[in-house]
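Right, one structure below, let's go through it.
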Amino acid sequence: MFPARTAVPDFRLVETLSLGTGPLAPALGAARDRLCEELIARGVTPILCESWQDLEALNARHRDSWFPLLPKPTSAPAFWLGLVDSEGEVVATHAVVLVDCASSSFGARLADLSALHDPGSAPADEWAFVASEAAHDTRGSVAWIVAGWTRPDWRGAGLFHRLGELVRLVALARWNPKWVVGLVDPETVPVWSRRGGGRRRLEERPGMLYHQNGVGRLPLHFMRLSRHAVYMDLGICGGPSW
C-alpha cells in the first residue's frame, strides 16, 4: 500500500500519468504499466516530482551515499522520478533535464558550461573539456539523464535499470527528444556494461573532464541513445520521426 505521507510534499503517481493522445500512447502506457508493476512488486512506488529544490534537498540529506548533483540552468525544463518505500522515504531517483542543442551541440554546450549554468553564472573555477566526438555530434532536442541514485540498503534489488527505463519513457511522452544522453562516472560503467544493450552507445574511455565547483575533477563517459533506441528498449517497435 502506498504510504499516506512521503518525504516529498508535491508529487504524482507515475502509474496514473497521462502519456498524451498520440498513436503510440497506448504502447507507452502498456510499457509504463509493466515497469510500475515490476517496481511495486519489489516494494516501491514510482512518483514524479517537478520540484528541483526537493531533489536538491533529498541529495543533501543523503550526501554520505550520493555525489552532489550536477548543476542545471534555472530555465531548463526538468523533472525527476523517485521510488518511495512503505515508510514514505525516497530510496532511488532518476532525473532528466531538457537541453536545446539546435544551434550548438551537446558537447559544445558542456564545454562552454551553458548546459550546466545560466549565462554568466558559472563559478570561476568550473571548466569542462569535452573530447567525445559523439557528444559534439549530438544536436537537436536532448533529454539529459542525471541524478541516478539508489540508497545503499536498496542496491541490488533490481531498481536502477527499471527506473531508468521509466524516466526515459516519461521523457519521450513529454518532450519526444531526438536523443537521450547521460554522463557516466567510471564506477558506474560496469553497471551499464553488465546490462548490455547494443542500442545504446557508451564510450569505453571517459571523453569528458568536468571540474565542478566544490567537488573537483570528474572524468565522465558519454552515453547516448536515439529516440528509436529508447522505443526499442521499451519493446515498442515503431515510433515517430526516427
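General observations
- Calculated on the alpha-carbon coordinates, the convex hull of the range 1-104 measures out at 135 cubic angstrom per residue.
- Derived value for the range 44-177: Kirkwood hydrodynamic radius 15.8 Å. Basis is the mean of 1/r over every pair of different alpha-carbon atoms.
- Full extension of the chain segment joining Glu87 with Glu126 gains 10.2 nm, where the gain is 0.36 nm per residue of separation less the Cα-Cα distance.
- Computed in the context of the full set of protein chains, the accessible area of the range 44-155 at 1.4 Å probe radius has 52% of its extent on carbon or sulfur.
- Å³ per residue enclosed by the Cα convex hull of the chain: 126 Å³
- Counting only protein heavy atoms and using a 1.4 Å probe, the accessible area of Thr16 comes to about 100 Å².
- Model label sites at Arg63 and His161, defined 7 Å from Cα along the beta-carbon direction, differ in position by 3.4 nm.
- Neighbours of Phe11, meaning other residues whose beta-carbon lies under 11 angstrom from its beta-carbon, give a summed charge of -2 when Lys and Arg score +1 and Asp and Glu score -1.
- Pairwise FRET efficiency - Leu209 versus Glu50, Cβ, R0 = 30 Å, nearest 0.05: 0.40
- A straight chain from Ile40 to Asp112 at 0.36 nm per residue would run longer than the Cα-Cα distance by 21.8 nm.
- Ordering Cys237, Cys101 by accessible surface, largest first, gives Cys237, Cys101; the 1.4 Å probe counts only protein heavy atoms, with every chain in place.
- Taking all protein chains as they are arranged and a probe of 1.4 Å, the heavy atoms of His136 leave approximately 70 Å² accessible to solvent.
- With protein chains left intact and a 1.4 Å probe, residues in the range 89-190 average 38 Å² of accessible area per residue.
- Within the assembled protein chains, the solvent-accessible surface assigned to Phe11 is about 60 Å², based on a 1.4 Å probe.
- Solvent-accessible surface of protein heavy atoms, probed at 1.4 angstrom with all chains present, puts Glu15, Glu165 in the order Glu15, Glu165, largest first.
- Kyte-Doolittle at least 0.5, axis length at least 15 Å by Cα - qualifying DSSP helices, the chain: 160-175
- Net charge in the neighbourhood of Leu116 (other residues with Cβ under 11 Å of its Cβ; Lys, Arg +1, Asp, Glu -1) is -1.
- Selected from Leu218, Leu19, Leu83 as most flexible by GNM, with the chain as the system and alpha-carbon contacts under 10 Å: Leu218
- Pair Thr21, Ala102: separation of 7 Å Cα→Cβ label points (nm): 2.5 nm
- Each Lys or Arg adds one and each Asp or Glu takes one away; over the other residues whose Cβ falls under 9 Å from the Cβ of Trp80, this sums to -2.
The values are calculated or read from the model by the stated rules, or taken from the named source; none is laboratory data. These numbers were taken from a predicted model, which means no experiment stands behind them. Glycine gets a Cβ as well: all are built from the backbone with ideal geometry, and neighbour counts include every protein chain shown. In case anyone asks, the SASA skips ligands and DNA or RNA and just uses the protein heavy atoms, side chains included. Shrake-Rupley method; radii C 1.70, N 1.55, O 1.52, S 1.80 Å.
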